[in-house]
Amino acid sequence: MVKVVKFGGSSLASAEQFRKVADIIHSDDSRRYVVPSAPGKRFKEDTKVTDMLYGCYELAVKGKDFEKEFDAIKERYNSIIEELNVDLSLEKEFETVKACFIGRAGRDYAASRGEFLNGKVLAAYLGYTFVDPAEMIFFKEDGTFDSPRTLKAVGERLATIERAVVPGFYGSMPNDTIKTFSRGGSDVTGSIVAAGTNADLYENWTDVSGFLICDPRIVEDPEPIRTITYKELRELAYMGATVLHEDAIFPVRKAGIPINIKNTNKPGDPGTFIVESTCQKPLYTITGIAGKKGFSVVNIEKDMMNSELGFGRKVLEQFEKNGISFEHMPSGIDTMSIVVHQSEFAQKEQEILSGIHRNVHPDLIDIESDLALIAVVGRGMKSERGTAGRIFAALAHAHVNVKMIDQGSSELNIIIGVHDRDFEKAVKAIYDIFVVQRL
């Protein structure tokens, strides 16, 4: 069995955390390929190394002295090396990084050095081979990820290496400059390494024991999700549930490799398994609840709009022209509603409304603002009768007015629109009806 294990910044923030990580890796001989993030925060007021590197580079670009700030970064790594008693010096690497900062190697290069240096430390501590992802994770000329070339290169490079540390977050462009994924991209690197090596499992170690049914800032100590499908995760991640970088799903999903989200500080917890499909029945009808505030709804009314060829296209064309994407589009026979991010729409609302009037001559256009969207997601909803009824009964009992309803054809999720002010109350009411009353 082959496992790829990725450890987040909080898992590698200090020497104490490094010891935990080493214990986890050595406890299972199948954990052969390790993907580390840069050191994260050691305590609440601390600064992540990636942010320290960004700050240093900005000073370098402006021609200002950054010696003090760079020394602070060196101290973070050297203190870990000393406490772990590792026979390693990073002085050459530090000098190279400093010279590249002065030479304006780019923000991506600057950010990537956090993972690069941490990978050097972890490889030395574990006794594993260090492999620079710039040698096998590739981006195209336009900056998009080159999946076929990368997966082939990863498979060939690691086939001859029994155990390796591959830093997360970055790869290389055709001109050999460094290119990073978006923030949190070490998750993506782990997924790529898992797919490229045809691993049996991708373990993603962080500071939480997997996904929770809903946001613990809204519901105190919510129940964990033991198993979730890729489709369910996609729905929840889209609506704001963030434990895993959403782009990390695609490489392993295509390869049929499950993901296990685990807690470095509680390695005995089962965590959450993310799978393609499963015959296991969920404990609750719903798998998870997630949502966001700050939406607006453009309601359009016109008699016989359903028989007017191209009506929807002409309406959406106005949003496209103004660079506004829509989130949802519930509709009726003579009505059509477009849900958009309020902050983006507010800057272009009059141009869009004027364009709609010119294009389709509606009877009425009305805008509602300060709307929150809540996604109730679950594969168990297909086989359970009365799910929507229970949701609306719970919201009515909590005195929450439902402004919008949108259910996908897959029956995997129901989207509910409520006032921003009712968002937290609505999430609690839905959690209570499906989870608390089930316990």
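Descriptive notes on the structure:
- If the condition is being among the basic types (K, R) and not in a helix (DSSP H, G or I), then region 110-161 contributes only K140.
- One residue from D269, D247 being touching a helix residue (DSSP H, G or I) at 6+ places or on another chain (Cβ under 6 Å), acidic (D, E) and open to solvent by 30 Å² or more (accessible area, probe 1.4 Å): D247
- Among the residues making up region 280-338, those that are outside any loop (DSSP other than H, G, I, E, B), among the hydroxyl-bearing types (S, T, Y) and without any contact (Cβ under 8 Å) to a residue 60 or more places away in the chain are S307, S331, T335.
- The residue list E95, E75, E69, E58 contains one member that is without any contact (Cβ under 8 Å) to a residue 24 or more places away in the chain, touching a Cys at 6+ places or on another chain (Cβ under 8 Å) and open to solvent by 20 Å² or more (accessible area, probe 1.4 Å), which is E69.
- Verdict on R107 being surrounded by fewer than 21 Cβ atoms within 10 Å (Cβ to Cβ) and either closer than 24 Å to A255 by Cα or touching a Ser or Thr at 6+ places or on another chain (Cβ under 7 Å) (or both): no
- None of S172, S182, S186 is at pLDDT below 95, under 20 Å from G143 (Cα atoms) and surrounded by fewer than 24 Cβ atoms within 10 Å (Cβ to Cβ) except S182.
- Cβ-Cβ under 8 Å pairs, at least 6 apart or on other chains, region 6-32 side farther than 24 Å from E75 by Cα and among the hydrophobic types (A, V, I, L, M, F, W, C), far side part of a helix (DSSP H, G or I) and open to solvent by 10 Å² or more (accessible area, probe 1.4 Å): I25/L126
- Qualifying positions in region 342-354 - charged (D, E, K, R) and either surrounded by 16 or more Cβ atoms within 10 Å (Cβ to Cβ) or within 12 Å of F295 (Cβ to Cβ) (or both): E344, K348, E349
- Subset of region 1-37 (residues that are part of a loop (DSSP other than H, G, I, E, B) and either in contact with a Phe, Trp or Tyr (Cβ under 6 Å, 6 or more places away or on another chain) or not hydroxyl-bearing (S, T, Y) (or both)): M1, V2, G8, A13, D28, D29
- Whichever residue in region 310-341 is of a type in the set (A, V, I, L, M, F, W, C) and under 11 Å from V297 (Cβ atoms) and, among such residues, is surrounded by the fewest Cβ atoms within 10 Å (Cβ to Cβ): M329
- Counting the residues of region 21-51 that are under 24 Å from the mean Cα position of the chain (by Cα) and either open to solvent by 40 Å² or more (accessible area, probe 1.4 Å) or among the charged types (D, E, K, R) (or both) gives 10.
- All positions within region 183-208 that are part of a loop (DSSP other than H, G, I, E, B) and within 16 Å of the chain's Cα centre (by Cα): R183, G184, G185, D207, V208
- Test result for I218, over 28 Å from T144 (Cβ atoms) and surrounded by 23 or more Cβ atoms within 10 Å (Cβ to Cβ): no
- Filtered residues of region 140-167 (kept if touching a Ser or Thr at 6+ places or on another chain (Cβ under 9 Å) and either of a type in the set (K, R) or open to solvent by 60 Å² or more (accessible area, probe 1.4 Å) (or both)): A159, E162, R163
- Considering F345, F319, F326, F311, the condition of being closer than 16 Å to D406 by Cβ and of a type in the set (F, W, Y) is satisfied by F326 alone.
- Remark: pairs (first residue in region 229-244, open to solvent by 50 Å² or more (accessible area, probe 1.4 Å); second residue at pLDDT 75 or above and in a helix (DSSP H, G or I); Cβ separation under 7 Å; 6+ apart in sequence or on different chains) = R234/I249.
- In region 399-411, the count of residues that are farther than 21 Å from L233 by Cβ, among the small types (G, A, S) and outside any helix (DSSP H, G or I) is zero.
- Unique match (being among the β-branched types (V, I, T), closer than 30 Å to T227 by Cβ, surrounded by fewer than 16 Cβ atoms within 10 Å (Cβ to Cβ) and in contact (Cβ under 8 Å) with a residue 40 or more places away in the chain) among I405, I391, I374, I416: I405
The values are calculated or read from the model by the stated rules, or taken from the named source; none is laboratory data. These figures come from a predicted structure and were not determined experimentally. Using ideal geometry, Cβ is built from the backbone for each residue, glycine included, and neighbour counts are taken over all protein chains shown. Note: areas computed on protein heavy atoms with side chains; ligands, DNA, RNA excluded. Shrake-Rupley method; radii C 1.70, N 1.55, O 1.52, S 1.80 Å.
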